[in-house]
Every structure is written in structure tokens, then in C-alpha cells.
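My questions all concern the structure below.
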Amino acid sequence: MDTPPKNLTDAVKVLNDYFGVLSKRMSDEIIEHKKEFTSTGTGQAEAILDKYAKQVQRLNTVYGMLRGEAYPSRPEGLEPLARDEFRCFGCGGVIKATDQFCADCGWSWK
């Protein structure tokens, strides 16, 4: 597998981190307005969902495009995995059980 350009892989890592930031922001706002997400809510729940759905959709579009350019093909994975190692779904690299994310592409289980 060819090594992808560093600017592409760096951008994929940044956007992967941003997924976490956006998820935290979204969950904080949902918890803050949890009464709106009940049958007696005033309808603000839909506005919150619309707001984040648009952001997530745009982020997914850009992330998918950059990730496709950075990692156009999966590595063949010829190296065997050791105990407590897993194959990354992002780039096919190896993630150790103690790792929070893939060191190669930034993909995480979260």
C-alpha cells in the first residue's frame, strides 16, 4: 500500500477528533434540554436534532471524501495479529487493546 500524503492523513485525524468534540457538544445540549425530548416538550427537540443532523451530515461528507483519498485501499494485512491486537476499520493498521485510537489514522471505537 502506498503511503498517503501527510496532509490528507492529518486532516482525517483532525476530523476524527472533531467527531468527538461534536458528539460531546450534542450530548451536552440534549441533556440540558432533556425535558424537550419527552411527549410534553415544546418542540425545541426537533430544532436541536436538525441543528446537529446538518452538522454531522456535512462532517460525514467531508470526512468520507478525505478518508477515501488518504486511504484509497485497505492494506492486505499480511502481518499476523498478536494477542490483544485488532485490525483498524479506518486504515487496516494494528490497534493494541490498550490504545484509545489507531496511531496511523486516528480511527477509534467511539
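The values are calculated or read from the model by the stated rules, or taken from the named source; none is laboratory data. Keep in mind that what you see is a predicted model, and the values were worked out from it rather than measured. Methodologically, a virtual Cβ is constructed for each residue, glycine included, from the backbone with ideal geometry; neighbour enumeration extends over all protein chains shown.
Looking at (1) closer than 30 Å to ASP104 by Cβ; (2) touching a residue at least 12 places away in the same chain (Cβ under 8 Å), find the lone condition where GLU29 falls short.
Only one criterion in (1) closer than 30 Å to ASP104 by Cβ; (2) touching a residue at least 12 places away in the same chain (Cβ under 8 Å) is unmet by GLU29, namely (1).
Something else now. With the condition kept exactly as written, say whether any residue in region 43-57 is of a type in the set (Phe, Trp, Tyr) and modelled with pLDDT under 90.
No, that holds for no residue.
Return yes or no: is ALA70 in contact with a helix residue (DSSP H, G or I) (Cβ under 8 Å, 6 or more places away or on another chain), closer than 27 Å to ALA97 by Cβ and either at pLDDT below 85 or surrounded by fewer than 11 Cβ atoms within 10 Å (Cβ to Cβ) (or both)?
Yes: the conditions hold for ALA70.
What are the pairs with Cβ atoms under 6 angstrom where one residue, in region 48-64, is surrounded by 10 or more Cβ atoms within 10 Å (Cβ to Cβ) and part of a helix (DSSP H, G or I) and the other, located anywhere, is at pLDDT 90 or above and not small (Gly, Ala, Ser)? Sequence gap at least six, or different chains.
Within 6 Å, the pairs are ILE48/GLU29; TYR52/MET26; TYR63/LEU15.
Does region 85-97 hold any residues that are closer than 19 Å to GLY20 by Cα and either of a type in the set (Phe, Trp, Tyr) or assigned to a loop (DSSP other than H, G, I, E, B) (or both), and which are they?
Passing the criteria: CYS88, PHE89, GLY90, CYS91.
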